[in-house]
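One structure below.
The values are calculated or read from the model by the stated rules, or taken from the named source; none is laboratory data. Quick caveat: nothing in here was measured; it's all calculated off a predicted structure. Note that we place each Cβ from the backbone using ideal geometry, even for glycine, and neighbour counts take in every protein chain shown.
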Amino acid sequence: MPPSNRQSEPLAAQSPTPITSNRMKAVRRRDTAEEIRLRRALYKMGLRYGVDSPITGIPRLRPDIVFAGPRVAVYVDGCFWHGCPIHGTRPKSNSAWWQKKIAENVARDRRHNERLAIEGWLVLRFWGHEDMELAAKLVHEAVASRR
């Protein structure tokens, strides 16, 4: 049997193993426990919002929570996937690939922040480890100030 492409790729370019890939696919893209905690706190404050809603005119950009009228976009970033400086970890296996993947996620987050700001949106980002009750208060203040 001829060798697979995986064996001939340099280490930095190797994608995760099928087991790791399946584990990655199982991670929720939306409705994480942290997002739900934040949404519940916002709802209790009387705020209504869109969830994972597209932003008109900006393809492939879907903030976790959207306040369309006041143009406030809220993200709850997971420590691993978004490179948290406090809790972000780097796997030892296939570390070059993971370093590149997480760096790409961080760069994408920055691009999204910039694009939204250009379009007049306020972007609020919270780490998943943050107090979501406090985050909700900050979101409430931001939404109120833009109405």
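Mind listing whichever residues of segment 36-66 are within 17 Å of Lys137 (Cα to Cα) and either among the basic types (Lys, Arg) or within 16 Å of the chain's Cα centre (by Cα) (or both)? Give the steps one after another, and end with the answer.
From segment 36-66, those within 17 Å of Lys137 (Cα to Cα) are 36-49, 64-66; that's our starting set.
Selection gives Ile36, Arg37, Leu38, Arg39, Arg40, Lys44, Arg48, Asp64, Ile65, Val66.
Please work out which residue is modelled with the lowest pLDDT, limiting yourself to segment 23-50 and to residues that are assigned to a loop (DSSP other than H, G, I, E, B) and touching a Phe, Trp or Tyr at 6+ places or on another chain (Cβ under 9 Å). Before you say what the answer is, go through the steps one by one.
Residues of segment 23-50 that are assigned to a loop (DSSP other than H, G, I, E, B), as a first pass: 27-32, 45-49.
After this cut, where a residue has to be touching a Phe, Trp or Tyr at 6+ places or on another chain (Cβ under 9 Å) as well, the list is 27, 47-49.
Numbers: Val27: 58, Leu47: 98, Arg48: 97, Tyr49: 97.
Going through the qualifying residues, I end up with Val27.
Could you please let me know if Ser53 is small (Gly, Ala, Ser) and either at pLDDT below 90 or more than 15 Å from Arg30 (Cβ to Cβ) (or both)?
On the way: small (Gly, Ala, Ser): yes; either at pLDDT below 90 or more than 15 Å from Arg30 (Cβ to Cβ) (or both): no.
Answer is no for this residue.
To keep it simple, each residue is scored yes or no on (1) more than 22 Å from Tyr43 (Cβ to Cβ); (2) at pLDDT 95 or above.
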{"site": "Arg71", "(1), (2)": "no, yes"}
{"site": "Gln99", "(1), (2)": "yes, no"}
{"site": "Ile102", "(1), (2)": "yes, no"}
{"site": "Gly120", "(1), (2)": "yes, yes"}
{"site": "Leu134", "(1), (2)": "no, yes"}
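Taking segment 92-126, which residues are surrounded by 13 or more Cβ atoms within 10 Å (Cβ to Cβ) and assigned to a loop (DSSP other than H, G, I, E, B)?
Hits for segment 92-126 are Asn94, Glu119, Trp121.
Give just the number: which of (1) closer than 18 Å to Arg39 by Cβ; (2) without any contact (Cβ under 8 Å) to a residue 60 or more places away in the chain; (3) in contact with a Gly (Cβ under 8 Å, 6 or more places away or on another chain) does Gly128 not satisfy?
With (1) closer than 18 Å to Arg39 by Cβ; (2) without any contact (Cβ under 8 Å) to a residue 60 or more places away in the chain; (3) in contact with a Gly (Cβ under 8 Å, 6 or more places away or on another chain) applied to Gly128, the lone miss is (2).
For the structure I just gave you, tell me whether Val76 is at pLDDT 95 or above and outside any helix (DSSP H, G or I).
Values: at pLDDT 95 or above: yes; outside any helix (DSSP H, G or I): yes.
Yes; evaluated as a whole, the condition is true for this residue.
Would you mind stating whether Arg146 is touching a Pro at 6+ places or on another chain (Cβ under 8 Å), of a type outside the set (Gly, Ala, Ser), more than 16 Å from Glu34 (Cβ to Cβ) and without any contact (Cβ under 8 Å) to a residue 60 or more places away in the chain?
Numbers: touching a Pro at 6+ places or on another chain (Cβ under 8 Å): yes; of a type outside the set (Gly, Ala, Ser): yes; more than 16 Å from Glu34 (Cβ to Cβ): yes; without any contact (Cβ under 8 Å) to a residue 60 or more places away in the chain: no.
For Arg146, the condition - touching a Pro at 6+ places or on another chain (Cβ under 8 Å), of a type outside the set (Gly, Ala, Ser), more than 16 Å from Glu34 (Cβ to Cβ) and without any contact (Cβ under 8 Å) to a residue 60 or more places away in the chain - is not met.
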